[in-house]
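The values are calculated or read from the model by the stated rules, or taken from the named source; none is laboratory data. As the structure is a computational prediction, the values presented were derived from the model and not from experiment. Because the Cβ atoms are built from the backbone with ideal geometry, glycine has one as well, and the counts that use them run over all protein chains shown.
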């Protein structure tokens with residue numbers, strides 16, 4: 001439950017304090033049965049968002065990986081490249097304010113993801 005961890009970090013960290021998180025992104029299943037989540041830079045920016053009292057200094061993904069679908073995949077996927085895989089994701093942020101009685105259930109989604117949207121599809125007639 002990473003949202004609980006982020007909330008507890010916010011409670012413990014003083015205003016002006018720095019948080020650094022490095023974790024896995026696209027990686028094979030591991031630490032079973034406790035492997036529930038994989039994170040992107042957007043996920044960490046959401047967990048440590050202004051709604052929780054943080055500003056992002058920097059976030060990104062590192063250690064790019066190359067992959068192809070195996071011969072055990074559906075026929076149309078066999079040997080196709082898998083793009084956008086990274087081993088790690090990092091977040092560096094600063095706590096800028098204390099949020100009293102924080103509750104994820106009361107957070108407006110736009111407060112944590114901003115205006116981030118999927119690009120409009122390019123529909124060619």
Quiz prompt | Lone unmet requirement of (1) part of a strand (DSSP E or B); (2) modelled with pLDDT under 95; (3) in contact with a helix residue (DSSP H, G or I) (Cβ under 9 Å, 6 or more places away or on another chain) for residue 46 | solution = (1)
Self-check item: the stretch 69-79, residues that are loosely packed, with under 12 Cβ neighbours inside 10 Å and either part of a loop (DSSP other than H, G, I, E, B) or touching a strand residue (DSSP E or B) at 6+ places or on another chain (Cβ under 8 Å) (or both)
Solution: 70, 71, 72, 74, 79
Quiz item: Out of all the residues in the stretch 93-125, which are at pLDDT below 85 and not in a loop (DSSP other than H, G, I, E, B)?
Solution: 109, 110, 111, 112, 113
Quiz item: If you check 60, 93, 53, 84, which single one turns out to be more than 30 Å from residue 11 (Cα to Cα) and either in contact (Cβ under 8 Å) with a residue 40 or more places away in the chain or touching a helix residue (DSSP H, G or I) at 6+ places or on another chain (Cβ under 7 Å) (or both)?
Solution: 84
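From 83, 90, 58, grab the single residue that is part of a strand (DSSP E or B), exposed (fewer than 12 other Cβ atoms within 10 Å of the Cβ) and modelled with pLDDT of 90 or more.
Exactly one of 83, 90, 58 is part of a strand (DSSP E or B), exposed (fewer than 12 other Cβ atoms within 10 Å of the Cβ) and modelled with pLDDT of 90 or more, namely 58.
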Quiz item: Take the residues of the stretch 6-26 that are in contact (Cβ under 8 Å) with a residue 40 or more places away in the chain and in a helix (DSSP H, G or I): which is surrounded by the fewest Cβ atoms within 10 Å (Cβ to Cβ)?
Solution: 7
